[in-house]
Amino acid sequence: MHGFRHVAGRLHCERVLVEALARRHGTPLYVYSEQTMADHFVRLKAALGSLDPLICYAMKANSNLAVLRVFAGLGAGFDLVSGGELERALAAGADPGRCVFAGVGKTEDEIRLALAQGVYALNVESEPELVRIDRLASRMGRRAPVAIRVNPGVDARTHAKITTGTYENKFGIAFEQVAGMYRRASRLRGVWLRGVQMHIGSQLTEAGPFERAVRKVAPLAAELASRHGIEFFSIGGGAGIVYRPALASGEPRWWRSGAARGVLTPERYAAAVVPWLRPLGLRILLEPGRLLVGNAGILVTRVEYVKRTGRKTFVIVDAGMNDLIRPAFYDAYHEIVPLRRRGGGAVVSDVVGPICESGDWFCKGRPLPRVQAGEYLAICSAGAYGSVMGSNYNTRPQAAEVLVRGVRAALVRRRQALAEIWAGEQLAPWQGARAARRQP
Ligand SMILES: *Cc1c(COP(=O)(O)O)cnc(C)c1O
């Protein structure tokens, strides 16, 4: 089930006409369906029901305050990767006691902030980090709750830029070295060994790698529980979504029961991991990001020009790689549909942005309905790693974001004003104070 469908030939987000949002707020515009986020969360939680897991939404996937509030309201915790994300989660009303702090490069300030706020656990990725946490916590008169991130040495069989669980990656501690590190950590007075954690990669589309990793690490978790009294095992995030075709059948295959072979459903994911986790008797944490928000968002863009070169048809739109970098960065596929469904034949098209980079594309050589300048397109499945990876490249303002719930829609991030882009910049003293200061 997801919240985007054509009704009478017009794309709707839940009960709201997307074109009306585009006209009111302009484009490029992210539109999110609150119902879709909630459905995904509830369905995942139900599939894992017997474990009663704590689901820590990986907020780096989409950290808009309103999105965080949706998940906080559903009882989610948060998986965060920077002090900025912790401050952001707090600003959205999150309970720090349900937050886990990951990342290979935590600074002293970030560690102190996490300890002062009382996060549930810091997930440790190296011995020097453990030593630093011990020292800072001791100085604060605290014991820092930590989990060591295990690198299970399992190939997630996903894109190289989003695989994290092999020994080629910078993440975690190699499986064979973990027990020794817990032994050393148990002698540190500023550290409380609270759990063990892993995360093998992102956009995994089969259950096999999850099962292999959990099966490998579960006995270690049991051993750590008996030796060091750890209370939780976080199995990370990474469950993939169906990017193609998100809309063609009215709902993504992900959500159809009895889904096609090879599609990772929440139930298949659960079936692969629950049998290994339940006997442990530990508190189980999950850190899904993309799974919860990926198909809950679209990027709406307007066609500026249709350029025919004889060889090719370029549909030039007003969104660029600064708004959605996934195609350029990961060669990602995103379904693209016109907001107004129309008859007529398909044209093999490249949909490209206005940015001065050949990597600024959304699809290449794809049969698309014939479109004209002024029409709107939806770039689908853009709810995860979309807006959050936006930049100001080419001095382009960051896109606006709208959250929809039923018949209601609210602007949850206004479009950035141009002057905000260079607000932090100034001339050097030797350049003279009387430089032109034009406000757009
Ligand atoms: C990015 C990340 C996640 C979430 O990954 P998804 O593929 O979006 O589910 C979870 N845990 C950690 C440690 C991460 O770095």
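Tabulated data
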item	result
Value in Å of the Kirkwood radius, where the stretch 34-293 supplies the Cα pairs that are averaged	18.4 Å
Where N is the number of residues in the stretch 1-115, Cα Rg divided by 2.2 N^0.38 Å	1.27
In degrees, nearest ten, helix 175-185 long axis to first principal axis of the chain (Cα)	60 degrees
Cα Rg, Dmax, the stretch 147-229, angstrom units	13.4, 42
Net charge dipole size for the chain [Lys, Arg +1 and Asp, Glu -1 on Cβ; Debye, nearest 20]	620 debye
Translational diffusion coefficient (Stokes-Einstein; Kirkwood radius from C-alpha pairs) of the stretch 362-440 at 37 °C, 0.692 mPa s, in µm²/s	196 µm²/s
Lysines with Cα under 26 Å of residue 60, excluding same-chain neighbours fewer than 8 positions away	45, 106, 161, 170
Selected from 77, 297, 406 as most flexible by GNM, with the chain as the system and alpha-carbon contacts under 10 Å	406
Three-way shape call for the stretch 85-192 based on the alpha-carbon gyration tensor, with the a/c threshold at 1.5	oblate
Relative contact order for the chain, counting Cα pairs under 8 Å that sit 6 or more residues apart, in percent	19 percent
Kirkwood Rh, angstrom, the stretch 307-407 [1 / mean 1/r, Cα pairs]	14.4 Å
Residue among 371, 394, 136 farthest towards the positive dipole end of the chain, charges placed on Cβ	371
Computed E for residue 425/residue 357 - FRET, C-beta separation, R0 30 angstrom, nearest 0.05	0.85
Residue 140/residue 316 FRET efficiency (R0 45 Å; Cβ-Cβ; nearest 0.05)	0.25
Simple label model, 7 Å out from Cα along Cβ direction - residue 418 to residue 161, nm	3.0 nm
Theoretical ellipticity at 222 nm over the chain - DSSP helices of four or more residues, -39500 (n - 2.57) apiece, nearest 500	-8000 deg cm²/dmol
Where the Cα pairs of the chain fall when distances are cut into 10 Å bins, in %	4, 20, 28, 24, 15, 7, 2, 0
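All of the numbers you see were taken from the coordinates with simple rules; none came from a lab. These numbers were taken from a predicted model, which means no experiment stands behind them. We place every Cβ from the backbone using ideal geometry, glycine too, and count neighbours over all the protein chains shown.
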